[in-house]
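K.L.:
Next up is a structure, given as structure tokens.
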Amino acid sequence: MTTLIKRNNWQVWKDVVFALFVREIRTGFNDKFGLAWAVINPVVFIFALAYGRSLISGPETHSMPGFTFMALGLLMIQLFLEVLNNTSNAIKKNKALYAFRQVQPISGIIASGVFQLLVKLVAMLVIALLMFLMGIELRFDNPLLMLSNILMLWLIAMSIGCTFAIMACYVEEMQKVLSLLSRPLFFISCVFFSLQDVPREYWPYLNWNPIAHAIELTRYGAYTSYGLEGVSQLFLAMCTLTTVFLACCSYFASWKQAISR
């Protein structure tokens, strides 16, 4: 006699997210390199730029090794951009699956965001291992602060991506708008420089950006001697709560109409 296994809504939703997570891996990396390319690509890019920057700017930048300074900035901005771009396309990419009652758009957004977060965490571990093998000083003075900054930046990126994914269901050109808006972020988010290198009268043009706060606070978490000039953990937390709240409002108000278009 066949036994029916009853599952509650939480178990069903969890299984759907996991299935979409596996689908994200298989569809995104089905060539010869496979999943390894998801880690190799950012590691090579970050390692090359960070090493080149350390040669130009000298061995130290505000009491921390130049390589570490650059690597943390590049890891954080890549985390933000990859999560933003992938989650903003998640609804459209999984639209064929919404014929199944159990599959909802938020499941694809979460699966895509979690996958990109895990990829970047593995890339961080690989870069830390390379730094250890190369004899570059490796410190984590406040690892909890670093982890909280990474998670808050991830939430901001996923929230903005969710909002743009909803808007793209109504106006397809929103993906082009997002691409245009995200291009300057590499240059205004304290990736290649420190806020301490900028005259104080110009700080208001940069410290409105929560990405800059997350990067500078993460550097401070690695080396407390780096300092906390011009950035605030409270500001980053408030930006996180605001973007998550707005994303939830836009999603729950319009997701049914969005996927039916």
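The values are calculated or read from the model by the stated rules, or taken from the named source; none is laboratory data. All values reported here derive from a predicted model rather than from experimental measurement. Cβ coordinates were reconstructed from backbone atoms using ideal geometry, including for glycine residues, and neighbour counts include every protein chain displayed. Heavy atoms of the whole protein, side chains included, go into the accessibility calculation; ligands, DNA and RNA do not. Shrake-Rupley method; radii C 1.70, N 1.55, O 1.52, S 1.80 Å.
K.L.:
Determine, yes or no, whether THR218 is touching a helix residue (DSSP H, G or I) at 6+ places or on another chain (Cβ under 7 Å), hydroxyl-bearing (Ser, Thr, Tyr), at pLDDT 90 or above and open to solvent by less than 10 Å² (accessible area, probe 1.4 Å).
P.N.:
Yes: the conditions hold for THR218.
K.L.:
Please verify whether the range 248-258 includes one or more residues that are touching a Phe, Trp or Tyr at 6+ places or on another chain (Cβ under 9 Å) and either under 17 Å from LEU153 (Cα atoms) or surrounded by 14 or more Cβ atoms within 10 Å (Cβ to Cβ) (or both).
P.N.:
Yes - at least one qualifying residue is present in the range 248-258.
K.L.:
Report, ordered by the first and then the second residue, all pairs with beta carbons closer than 8 Å, sequence separation of six or more or different chains, a first member in the range 111-129 that is in contact (Cβ under 8 Å) with a residue 40 or more places away in the chain, and a second member that is of a type in the set (Ser, Thr, Tyr) and surrounded by 16 or more Cβ atoms within 10 Å (Cβ to Cβ).
P.N.:
SER112/THR87; GLY113/THR87
K.L.:
Looking at the range 247-261, which of its residues are of a type in the set (D, E, K, R) and not in a helix (DSSP H, G or I)?
P.N.:
Initially, the range 247-261 is screened for residues of a type in the set (D, E, K, R), giving 256, 261.
Residue satisfying the conditions is ARG261 alone.
K.L.:
Could you list, in sequence order, all residues of the range 189-215 that are part of a helix (DSSP H, G or I) and open to solvent by 30 Å² or more (accessible area, probe 1.4 Å)?
P.N.:
Correct list: GLN196, ASP197, ARG200, GLU201, TYR202, PRO204, TYR205.
K.L.:
Next question. How about the range 177-223: which of its residues are out of contact with any Ser or Thr (no Cβ under 9 Å at 6 or more places or on another chain) and under 16 Å from LEU145 (Cβ atoms)?
P.N.:
Listed by number, the residues that qualify are THR218, TYR220.
K.L.:
Can you name every residue in the range 62-111 that is open to solvent by less than 10 Å² (accessible area, probe 1.4 Å) and small (Gly, Ala, Ser)?
P.N.:
GLY66, ALA71, GLY73, SER88, ALA90, SER107, GLY108, ALA111
K.L.:
Under 7 Å by Cβ, and 6 or more places apart or on different chains, what pairs join a residue from the range 170-188 that is open to solvent by 50 Å² or more (accessible area, probe 1.4 Å) with one that is of a type in the set (D, E, K, R) and not in a helix (DSSP H, G or I)?
P.N.:
Pairs that qualify, where the first residue is open to solvent by 50 Å² or more (accessible area, probe 1.4 Å) and the partner is of a type in the set (D, E, K, R) and not in a helix (DSSP H, G or I), are TYR170/ARG261.
K.L.:
Tell me the helices (runs of 4 or more DSSP H) entirely within the range 65-168 that contain at least 3 residues that are under 18 Å from the mean Cα position of the chain (by Cα).
P.N.:
The helices (runs of 4 or more DSSP H) meeting that bar are 66-88, 105-134.
K.L.:
Mind checking which residues of the range 216-246 are in a helix (DSSP H, G or I) and among the aromatic types (Phe, Trp, Tyr)?
P.N.:
TYR220, TYR226, PHE235, PHE245
K.L.:
How about the range 10-45: which of its residues are modelled with pLDDT of 70 or more, more than 23 Å from the chain's Cα centre (by Cα) and not aromatic (Phe, Trp, Tyr)?
P.N.:
Scanning the range 10-45 gives GLN11, VAL12, ASP15.
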